[in-house]
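The structure appears right after this line, and notes come after that.
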Amino acid sequence: DQQVKQNSPSLSVQEGRISILNCDYTNSMFDYFLWYKKYPAEGPTFLISISSIKDKNEDGRFTVFLNKSAKHLSLHIVPSQPGDSAVYFCAAGGDSGYALNFGKGTSLLVTP
Amino acid sequence: GAVVSQHPSWVICKSGTSVKIECRSLDFQATTMFWYRQFPKQSLMLMATSNEGSKATYEQGVEKDKFLINHASLTLSTLTVTSAHPEDSSFYICSARTALLYEQYFGPGTRLTVT
């Protein structure tokens with residue numbers, strides 16, 4: 001049963017514009033959320049995280065928003081760059097131990 | 001900081017043989033290491049969680065006798081795929097975390113092909 005869902009398998013955005021990647025979760029016990037970026041045949045790279053006590057965390061061009069009541073989080077990338085083209089995974093943890101539950105990923109393509 | 005390495009990066013083996021994959025945290029001590037498997041165009045599937053000096057905790061459906069995990073030190077965990085079959089062919093990724101942070105840092109992955 002997929003507890004973390006990324007309903008958009010792909011997204012295409014023009015360079016310089018905002019990329020918004022969405023993620024929904026079902027387990028109310030999750031209290032920590034992370035975004036990872038992954039290139040083909042490589043391991044995921046940690047991007048940004050947010051704990052459930054916050055509703056926003058910003059790091060450079062990346063901002064994560066958390067709406068606990070809606071069990072929804074989003075990653076905003078502004079401005080988008082061609083090098084941002086990758087698969088982005090949303091992950092959540094806190095329900096048991098430190099294991100993370102991953103979404104299926106959203107493939108972002110930033111076009112020049 | 002927070003660099004995790006894996007070795008080998010890719011391996012081809014014959015059906016019935018065993019393959020060992022190493023995961024090392026290079027610049028931090030990893031109290032917990034995780035092993036994931038990723039099928040093409042699929043999400044990361046957690047296989048097992050291991051704490052240094054303890055037996056690994058396997059996820060449901062993962063055969064512990066087939067996927068042997070050892071976490072003998074704070075910087076090294078190994079995954080041994082025993083009696084490999086072609087269906088074990090996959091991309092195996094490890095991750096590590098410290099006792100202080102929730103974030104997991106991932107290795108570059110190992111592509112296993114069983115012929």
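The values are calculated or read from the model by the stated rules, or taken from the named source; none is laboratory data. The shown structure was predicted, so the numbers you read here are calculated from the model rather than taken from an experiment. When we count neighbours, we look across all protein chains shown, and the Cβ atoms used for this are built from the backbone with ideal geometry, even at glycine. Accessible surface areas use protein heavy atoms only, side chains included; no ligands, DNA or RNA. Shrake-Rupley method; radii C 1.70, N 1.55, O 1.52, S 1.80 Å.
Report, ordered by chain and residue number, the aspartates and glutamates lying within cross-link reach of residue A:68, taken as a straight Cα distance under 17 Å and ignoring same-chain residues fewer than 8 apart. Here the aspartates and glutamates satisfying the reach criterion relative to residue A:68 are A:24, A:31, A:55, A:95.
Could you provide, to the nearest whole Å², the per residue accessible area of region A:1-102 with probe 1.4 Å? Intermediate results must be reported in sequence, preceding the final value.
Working: 4930 Å² over 102 residues.
Here the per-residue accessible area is 48 Å².
Output the residues of region A:15-52 meeting this criterion: accessible area (heavy atoms, 1.4 Å probe) in the chain alone minus accessible area with all protein chains in place is 20 Å² or greater. So the qualifying set is A:32, A:36, A:38, A:41, A:43, A:44, A:46. Just to be sure I understand the interface: list residues from region B:90-105 that lose 10 Å² or more of accessible area between the chain on its own and the complete protein assembly, 1.4 Å probe. In region B:90-105, residues shielded by partner chains: B:91, B:93, B:97, B:102, B:103, B:104, B:105.
Both the radius of gyration and Dmax for region B:74-115 are 13.1, 42 Å, in that order, over alpha-carbon atoms.
Expressed as a whole percent, the accessible surface of region A:1-105 that belongs to carbon and sulfur atoms is 47, based on a 1.4 Å probe. Once each of the trypsin sites (Lys or Arg not before Pro) sitting in a DSSP loop with at most 11 other beta-carbon atoms within 10 Å is removed, chain B keeps B:42-115 as its longest stretch. Candidate cross-link partners of residue B:64 among the lysines, defined by an alpha-carbon separation under 23 Å and a same-chain spacing of 8 or more, comprise B:14, B:20, B:55.
By the Cβ distance rule (another cysteine Cβ under 4.7 Å), the unpaired cysteines of the protein assembly as shown are B:13.
Quick one: pull the percent of accessible area on chain B belonging to carbon and sulfur, 1.4 Å probe, ligands and nucleic acids left out.
On the way: 3030 of 5650 Å².
That fraction is 54 percent.
Counting protein heavy atoms only and a 1.4 angstrom probe, how many square angstrom of accessible surface do chains A and B bury in total, to the nearest 100? Its buried surface, counting both partners, is about 1600 Å². Probing with 1.4 Å while keeping every protein chain in the model, the per residue accessible area of chain B equals 49 Å².
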